[in-house]
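To start, the structure itself, in structure tokens.
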Amino acid sequence: MTKVAVIIGSESDAEQGEKAVQMLQEFGIPCELNVISAHRNPERLASYVKNGDADVYICVAGLAAALPGAVAAQTIKPVIGVPKDVKLGGLDSLLSIVQMPTGVPVATVAIDGARNAALLAVEILALNDKELERRLHEYREKR
């Protein structure tokens, strides 16, 4: 069972995707990393989200940053967008992700903030997992 699905739009997003996966693995969260473009593979993306068992989605996206919104349009589960610094210092990606229409929310972290996206996913999962909550407190105390 996958608790968190990390989706990147292309291989160029792999570094950020891997940072999210590494943080999730630190907490023992079952996760997977997939490359699925919202623009080049919209049907595959929709099928993956509709048929998947993830509780939370993390989407790394640059430029037009359509991926988080495309995922959020297919599910009522939490979606966390990670804007990527590709052009304009990542501001274009950030603004694209945070400007979602009412009814299709996407939580957004800082530009290139994949680790924080993973921590936010852990916090969401910890709402129903006391052991995970305890480990989060330990993580914070060490920082």
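The values are calculated or read from the model by the stated rules, or taken from the named source; none is laboratory data. Quick caveat, the model's predicted, so the values are computed rather than measured. Note that each Cβ is placed from the backbone with ideal geometry, even for glycine, and that neighbours are counted across all protein chains shown.
Taking Lys84, is it basic (Lys, Arg) and more than 21 Å from Met1 (Cβ to Cβ)?
It is true that Lys84 is basic (Lys, Arg) and more than 21 Å from Met1 (Cβ to Cβ).
Would you confirm whether or not the stretch 64-82 contains a residue that is over 29 Å from Asp129 (Cα atoms), at pLDDT below 95 and outside any helix (DSSP H, G or I)?
Scanning the stretch 64-82, I find at least one residue that is over 29 Å from Asp129 (Cα atoms), at pLDDT below 95 and outside any helix (DSSP H, G or I), so the answer is yes.
Going by the conditions given, is Ala46 over 18 Å from Glu123 (Cβ atoms), in a loop (DSSP other than H, G, I, E, B) and not β-branched (Val, Ile, Thr)?
no
Please enumerate the residues belonging to the stretch 101-110 that are buried (at least 18 other Cβ atoms within 10 Å of the Cβ) and assigned to a loop (DSSP other than H, G, I, E, B).
Val106, Val109, listed by residue number.
Is one or more of the residues making up the stretch 113-120 crowded, with 16+ Cβ neighbours inside 10 Å and more than 11 Å from the chain's Cα centre (by Cα)?
No, every residue in the stretch 113-120 fails to be crowded, with 16+ Cβ neighbours inside 10 Å and more than 11 Å from the chain's Cα centre (by Cα).
Please work out which residue is surrounded by the most Cβ atoms within 10 Å (Cβ to Cβ), limiting yourself to the stretch 26-57 and to residues that are of a type in the set (Gly, Ala, Ser) and more than 15 Å from the chain's Cα centre (by Cα).
My answer is Ala46.
Give the residues of the stretch 22-39 that are assigned to a helix (DSSP H, G or I) and more than 16 Å from Leu125 (Cα to Cα), sorted by residue number.
Within the stretch 22-39, just Gln22 meets the criteria.
For the stretch 56-81, what are the residues that are hydroxyl-bearing (Ser, Thr, Tyr) and more than 19 Å from Glu11 (Cα to Cα)?
Answer for the stretch 56-81, where residues must be hydroxyl-bearing (Ser, Thr, Tyr) and more than 19 Å from Glu11 (Cα to Cα): just Thr75.
When you look at Val60, is it in contact (Cβ under 8 Å) with a residue 24 or more places away in the chain, assigned to a helix (DSSP H, G or I), buried (at least 19 other Cβ atoms within 10 Å of the Cβ) and not polar (S, T, N, Q), yes or no?
Against the criterion (in contact (Cβ under 8 Å) with a residue 24 or more places away in the chain, assigned to a helix (DSSP H, G or I), buried (at least 19 other Cβ atoms within 10 Å of the Cβ) and not polar (S, T, N, Q)), Val60 does not qualify.
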